[in-house]
Amino acid sequence: MKILGKSRSVLFQSFLWIYFLISLYPLVYLLFFSLKNNDEIFYTNPLGFPMHLRFHNYVQAITQFDIARYFKNSLIVSVASIVFILAFSLMFAYAAARLEWRLKGATYSYLLLGLFIPTQVILIPLAVLMRDIGIANSYSALIVPYVAFNLSFSSLIFYGFFRTIPVEIEESAYMDGANIYRIFMQIMLPLVKPAVATVTIFAFLSVWNEFPLALILITDQAHKTLPTGLLSFSGQFSTEWGPMGAAMVLSSIPMIVLYLVLGDQVEKALTVGSAVKG
Amino acid sequence: MRNFKNNPVATSIFVLPAVLTFSMIVAYPLISTLLKSFYEWDGITAGTFIGFGNFSRLFKDDLFYTSLRNGFIFALILTVFQLGLGTVMALTILNGKTFGRNTLRRAYFIPVVLSVTVVCQLWLSMYNPEYGLFNKLFELLGISYRQDWLSSMSVTSIIAVTMVSSWQSMGYQMALIYAGAKSIPEHFYEAAKIDGATTFQTHMKITIPLLAETYKICLIFCINAGLNAFAHMQIMTKGGPGTSTYTLTYMMTRSAFRLDEYGYGCAIAVTLVLQCLLVTLIINKFIARERLTY
Amino acid sequence: MSKNVKKSISAILSVMLVVLLAACGSNKNNASSPPAQSSEPPASSASAKPSESASPEAEPITYSLQIHYSTDDEKAPADWAIAELKKLYPNVTFEITPQLNDNGEALKARIATGDLPDFFNIQPQHFDSAIQTGSILDLTSAWEASDSKTKMTQNAIDTQLKYTDGKIWAIPYNGAGIDPLYYNKKVFQDNGVKIPTNYPELLEAVKAFKAKGIVTIPIFAKEAWPIGAFFDMFAMRAHPKGMLALSNGEIKASDPAMADAIGKMAELIKAGIFQKGATSADYDTARAMFHQGKTAMLINGEWDIGEMVKDFGADIGNIDFMDVYPTTDAGKEDMNKDYRPGAAEMGGIAVSAKVKNPELAGQIAIALTEKIAQGNFVKAGRIDSTFSVEGLTSEIEMPEMTKKLLANKPSYKVEGTVEHSLPNKKFATGFGELLQKLVAGESAADFIKEVDKLQAETKQ
């Protein structure tokens, strides 16, 4: 019985670590990819270690491909979007989860509609709208839609978190003389910190890699972000995959760093939170 | 006593920024899409009002049913794979005794972080029938089973594409389940400890039921991601071979951008949104909505 | 205390909104300036005489230009063209945006919003919407006044310049091109396979290669046009227009001659002429396979010759293309043998209707197109320029294949077109999908049935 349990646990352990390798392999693959040429990537050696290390791909990515500018644009758009996404959805989710007002349920459902709307559905009307309100080809042309599109998801997550917080906490704060804003800022917000970190990761992900809107809404070189910038490695017929891989490695770094830092924050916050509650 | 919760000024301040932004950027263009779905329209010039013409055409279009079927296959596999594996992984790394749990936790999320292009290129190489990893693996094992994964006209190709997406974003669901499970206070488990229940039993009886709200969110995500799937087939198969890996989003893009049938594309979009809405309503109805207070 | 908090929150909120609105507002000013500028040109052009516009001492002017400008192969000809243009118009500078490989989605949206680059490369499928929205400049009169007029090849003037409405909306730079069937002599020799001259021999060759684990043709069937070229290599022997005839309804897939051609294709596919997984392969995959000398044949445009010269180096002599496609029964090799898949496509450089100084812009567009066409010859060794290249020498040494192509071209007849340029868009899209199915192993009988059905459904 015990031996059976043990061998089962060994089997399970090896499954965990095999899956670990499968999860990390794409990162390795991407690194290899960024040091190869098209022949290797597509035919002679798609999956293995590069036969010649073509560091030149990186030089090309940096010199010919305007990576610094795309990077800067992506950063500005992402950071600004995240700030507004967090602010708007935290406030909305709090009101929807904790306050009492008419049409609450309807408004919440209305906002959640955003979850089901693929961006492609409204691309052209949105592009026309951006032109009409005069923000086409500016950072706002991406920031405003990114905020709007991420509100549903973020509100949903925050809503779930706000609902798990015991009502007594708010009530006792109110009895102590705190008003609604103070309850929100000083009591509720600290309690949903792990959710803030989680939403930041997810929202950053969706904004940093966003493609269809960026393709249609930004047409001048000066405001292009990384995902559409990457497309300029693709010519009419052929694509220079090696340098593109190098640019992809560089553009993945902020995401990975952010995830590692915030992921650990979430971890810590969650541990503390449950310890307190326990 | 509870009147602090009934505060119209505060409510407006909290609610309006989100609602206004959303209405302007998402809802307004969506309404324009809805209106245009009643027109025969090329997206550029003035259209002709044709009532439900686009919809009746849609329901007679074979491609609509192929796309619909693929959307459901996608959603089903995504749900089973991500919620199943996501739960196992989340609960495993939740367990303080798991060796290297923090390393595993970080690693499982990495595919989510990478761009779809990279991931698809990797899987294109793995699926390649000539030199790909899967067929090599079967070869090594001495199994003659070899597949033309992405070029099959049967459901194999849509399943192959779906697996890539399922695998890539498994970490996403895992993170949500993990965060949810981690927030469950210890005292819920005390009774189980005394009863001497195994970890498995504890999770089945306590953790998973308490995660109902989280699972609802995950389920909504999975199903919507499946029904709206687009990027992976765009890169890997372009909807092919033929139309075997079409989904409604793909079909809509085809109508709007390739065929200049923007009105028809809008009708597809409206159908898609309604379908997602319906599924979500069903989920909401069947998964308990009772307030969870710890 | 609570009041302070309340104040501070509303302060934060209003700051956020103000920032957001300010961002919108400030950009609104920026964005509204182009229309203001665009209302200017009619006034200025009314006073400006055409002769004045080209004068060297004219004010410096910067135009935005969107062309293929991603890989080195694309940059070299473009840079050459712009440098040449600078000699004619020293005051004109271009701000280049690479044209993205996105199936024209961005351009379609830009036509819808009226936000087009001053000069851009337009594909035939965008003509109608661009014309209907009035977003592109009519170049007909500019063409009549242009010096370049006399330098365009007669063939291009006849087939590519004027749109169906008789006007000139874009100046083409790539002339008629064919899709050759390339082959690697060495691969045939090394494996003791006879170079096929007709269909039975081709089938034999495919089987012989298959037995040795060699792919005969690596095809990039994620896109439909290479399969379309394969299709036409057979179909044009039955009808000179190939799939264009299907699109126009001049012939049916089930007509005996066409059905026979389709049967041959299906048989070859079944025998394994293409690599497995072909429908998820793109050009870079097929190129890697053929250019590495690992596969026997390749279907691609004639522009690939330049790439082959680069990749094969000293071994380029091993590569040639078929004089006659080996796609007919024995004894019928001469039937329709000069009809080639390929196209003389409309499209080329177009000018936004909002461009500054449209008179000047029209002339620049024409001159620039001429230079781009010539740049493709000078820098990439292409021989399909729509403009005369007299007096220019190519920096690429002309490979034997190009010389042969040049010599044979007068006898070639291109009466069909490529899959994505079929005039009936609905048929083209559906047909492209059916072609993929054929490659994925659909039977000839099913394919014929479905093409007949599609043809009936999409009749215009």
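Annotations
- Take every pair of alpha-carbon atoms less than 8 Å apart whose residues are at least six positions apart; their mean separation over the length of region B:69-286 yields a relative contact order of 28 percent.
- For chain B, the longest site-free run once GluC sites (Glu not before Pro) in DSSP loop states with at most 13 other Cβ atoms within 10 Å are removed: B:1-185
- Among C:THR386, C:GLY301, C:ALA456 - extreme Cα towards positive end, dipole of chain C, charges at beta-carbon: C:ALA456
- Rounded FRET efficiency, nearest 0.05, which uses the C-beta distance separating A:LEU24 from A:VAL59 and R0 of 35 Å: 0.85
- Residue-wise HN-Hα couplings along region C:357-366, as the Karplus relation 6.51 cos²θ - 1.76 cosθ + 1.60 with θ = phi - 60° gives them from phi, are 6, x, 4, 5, 4, x, 5, 5, 4, 5 Hz; Gly and Pro carry x.
- Per principal axis, descending, Cα span of region C:306-417 in whole Å: 61, 34, 24
- In region B:13-62, chymotrypsin sites (Phe, Trp or Tyr not before Pro) in a DSSP loop with at most 12 other beta-carbon atoms within 10 Å: B:PHE52, B:PHE59
- Legend: calculated FRET efficiency, C:ALA407 to B:ASP61, from the Cβ-Cβ distance at R0 = 60 Å, rounded to 0.05, equals 0.75.
- Counting only Cβ charges, +1 for Lys and Arg and -1 for Asp and Glu, the dipole size of the protein assembly as shown around its Cα centre is about 4180 debye.
- Restricting the calculation to Cα atoms, region B:69-286 yields a radius of gyration followed by a Dmax of 20.2, 67 Å.
- Note on region A:131-201: Cα convex hull, mean projected area over all directions, 6.4 nm².
- In the protein assembly as shown, a dipole from Cβ-located charges (positive for Lys and Arg, negative for Asp and Glu) runs towards its positive end, and of C:MET258, C:GLY432, B:GLY71 it is B:GLY71 whose Cα lies farthest in that direction.
- For region B:67-138, the list of trypsin sites (Lys or Arg not before Pro) that fall in a loop by DSSP and count at most 10 other C-beta atoms within 10 angstrom reads B:LYS97.
- Spin-label model distance (nm) - B:SER12 vs C:ASP338, 7 Å beyond Cα toward Cβ: 8.2 nm
- When the convex hull of its Cα atoms is projected in every direction, mean area for the protein assembly as shown (nm²): 44.6 nm²
- Euclidean distance of C-alpha centroids, region B:38-94 and region C:279-322, integer Å: 39 Å
- Antiparallel DSSP beta bridges within the protein assembly as shown, percent to nearest 5: 65 percent
- Volume of the convex hull of region B:157-246 (Cα atoms only), normalised per residue: 94 Å³.
- For C:TYR339, distant residues with modelled amide H under 5 Å away: C:LYS413
- Full-stretch length increase - B:ASN3, B:LEU140 - with 0.36 nm per residue and alpha-carbon distance subtracted: 42.2 nm
- Here the simple spin-label model places points 7 Å from the Cα toward Cβ, and for C:GLN154 and A:MET51 these points are separated by 5.0 nm.
- Taking 0.36 nm per residue of separation and subtracting the Cα-Cα distance, full extension of the segment from C:LYS185 to C:ASN248 would add 18.9 nm.
- Using a simple spin-label model with pseudo-atoms 7 Å out from Cα toward Cβ, C:ALA145 and B:ASN95 lie 8.2 nm apart.
- Highest mean packing first, where packing is the average number of other Cβ atoms within 10 Å per residue, the peptides A:153-159, A:54-60 line up as A:153-159, A:54-60.
- Helical runs assigned H by DSSP (4 residues or longer) give chain B a calculated mean residue ellipticity at 222 nm of -20500 deg cm²/dmol, each run adding -39500 (n - 2.57) before division by the residue total.
- Karplus-based coupling profile of region C:408-422, in residue order and whole Hz: 7, 3, x, 8, 6, 10, 10, 10, x, 8, 7, 3, 6, 9, 4, with θ = phi - 60° in 6.51 cos²θ - 1.76 cosθ + 1.60 and x standing for Gly or Pro.
- Relative contact order for chain C: 25 percent, from Cα pairs under 8 Å spaced at least 6 residues apart, divided by residue count.
- Applied to region C:226-232, the Karplus parametrisation 6.51 cos²θ - 1.76 cosθ + 1.60 on θ = phi - 60° returns per-residue 3J(HN,Hα) values of x, 5, x, 5, 4, 4, 5 Hz, with x for Gly and Pro.
- When Rg and the Kirkwood radius Rh are both evaluated on Cα atoms of region A:65-233, their ratio Rg/Rh stands at 1.05.
- Look at the alpha carbon pairs under 8 Å that are at least 6 residues apart: their mean separation over the length of region A:65-233 gives a relative contact order of 42 percent.
We did not get these values from a lab; they are worked out from the coordinates using the rules stated. Model, not experiment: these values are computed from the prediction. We place every Cβ from the backbone using ideal geometry, glycine too, and count neighbours over all the protein chains shown.
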